[in-house]
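Input: a single structure, listed below in structure tokens.
None of the figures in this text is laboratory data; all of them are computed from the coordinates on show. Treat the numbers as computed from the prediction; the structure is a model and nothing was measured. We place every Cβ from the backbone using ideal geometry, glycine too, and count neighbours over all the protein chains shown.
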Amino acid sequence: AAFAALGASPSAFAAKPLVIGFSQVGAESEWRTANTVSIKDAAKQAGVTLKFADAQQKQENQVKAIRSFIAQKVDVIAFSPVVESGWDTVLREAKAAKIPVVLTDRAVNVSDTSLYVTFIGSDFVEEGRRAGKWLLERAAKTPDANLNIVELQGTVGSAPAIDRKKGFEEVIAANPRLKVIRSQTGDFTRAKGKEVMEAFLKAEGKKINVLYAHNDDMAIGAIQAIEEAGLKPGTDIVVISIDGVKGAFEAMIAGKLNVTVECSPLLGPQLMQIARDVVAGKPVPKRITTVEGVFPAEVAAKEFPNRKY
Ligand code: GZL
């Protein structure tokens with residue numbers, strides 16, 4: 001009735017759709033692809049206008065995208081920072097433009113945490129600890145064997161790479177027979193994971209007992225290298241990785257991967273809810289941690305049909 005009195009139709013006052021500018025790391029892994037699908041689908045479901053930019057894993061492209069979102073005066077800026085550092089300047093520009101910033105998936109190291117409203121993502125140190133714990137329990141079954149570990153790290157300077165290394169080392173320190181003899185980045189991709197594993201095998205060969213990969217894509221690439229070297233992944237070399245993507249479940253069912261620590265990419269719905277709450281001026285927690293599990297090969301076949309990414 002009020003609208004009618006004003007002579008305007010209600011639709012003239014319907015809230016205009018929320019506009020979110022999202023800067024994505026890239027398309028480097030199965031995890032990332034699933035994360036992008038989750039965000040785009042959730043935006044569609046929520047009637048949110050999503051401006052989506054793929055940075056091809058380059059920080060300067062993310063900075064450019066954030067600046068363009070500021071120029072377009074979006075309601076919320078959200079992004080998954082490819083690396084932890086180097087964000088203060090552009091986030092201060094977003095703050096000056098009074099555009100709230102939401103971090104998803106990866107964290108940033110900034111002097112002033114008021115530069116972002118909240119960080120929605122996994123606890124990567126805990127994921128590293130879970131990978132280490134699985135290996136500790138397995139090593140306890142062969143009390144006198146030394147276990148030489150090679151490590152495929154994620155993208156240099158990224159929160160998951162730094163934290164998964166930290167958590168894993170913290171836990172395996174309990175058993176001096178567990179030693180990381182080589183550690184190098186495979187940049188979260190299958191291709192690089194295979195390439196670096198080939199180098200590890202050339203240098204260390206049969207001395208390698210365990211591979212710890214910071215994501216399933218690098219593990220899957222490394223599994224190809226292990227097979228091409230005439231060794232059996234999953235038995236000659238125990239393979240531990242993180243993410244829990246379908247490819248990892250297929251490798252476990254084939255007996256080539258021993259365990260994957262889940263890291264959920266399905267952050268889209270939470271992001272849309274948080275963005276709405278932020279724009280509505282509701283208080284939101286500074287940190288929202290995803291709940292996730294650990295999937296050893298023994299449960300892979302049973303669990304596979306339930307997997308959503
Ligand atoms: C983790 C995410 C990582 C995945 C990789 O939340 O940032 O980046 O573990 C992806 O697969 O490339």
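Beyond a 23 Å Cα-Cα separation, which of these cross-linked pairs lie in this structure: 141/256; 165/192; 44/98? Among 141/256; 165/192; 44/98, the Cα-Cα distance tops 23 Å for 44/98.
In the stretch 189-293, taking the dipole from charged Cβ atoms about the Cα centre, the farthest positive-side position among 266, 231, 218 is held by 266. The H on the amide N of residue 180, modeled in the peptide plane, is under 5 Å from the matching H of 149, each at least 5 residues off or on a different chain. Here the relative contact order of the chain, from alpha carbon pairs under 8 Å that lie six or more residues apart, stands at 18 percent. If you take all other residues with their beta carbon under 14 Å from the beta carbon of residue 306, and give Lys and Arg +1 and Asp and Glu -1, the sum is +1. For a straight C-alpha distance cut-off of 16 angstrom, the aspartates and glutamates reachable from residue 194 (same-chain residues fewer than eight places away being disregarded) are 28, 30, 151, 204, 216, 217, 227, 228.
Per-residue ellipticity at 222 nm from helix content only, as computed over the chain with -39500 (n - 2.57) for each DSSP H run of at least four residues, stands at -13000 deg cm²/dmol. Rounded if a/c is under 1.5, else prolate if a/b is larger than b/c, else oblate: which is the stretch 169-223, with a ≥ b ≥ c the root eigenvalues of its Cα gyration tensor? It comes out oblate by the Cα gyration axes. Rounded if a/c is under 1.5, else prolate if a/b is larger than b/c, else oblate: which is the chain, with a ≥ b ≥ c the root eigenvalues of its Cα gyration tensor? It comes out prolate by the Cα gyration axes. Cross-link pairs exceeding 21 Å between alpha carbons, from the set 16/286; 207/246; 64/95; 246/302: 16/286; 207/246. Computed about its Cα centre, the charge dipole of the stretch 114-184 is approximately 240 debye, with only Lys, Arg, Asp and Glu carrying charge at their Cβ.
Looking at the chain alone, DSSP beta bridges between its own residues are antiparallel in about 5 percent of cases.
Database remark: amide H of residue 52 closer than 5 angstrom to the amide H of 22 (H placed geometrically; neighbours at sequence offset of 5 or more, or on other chains; Pro and chain starts carry no H).
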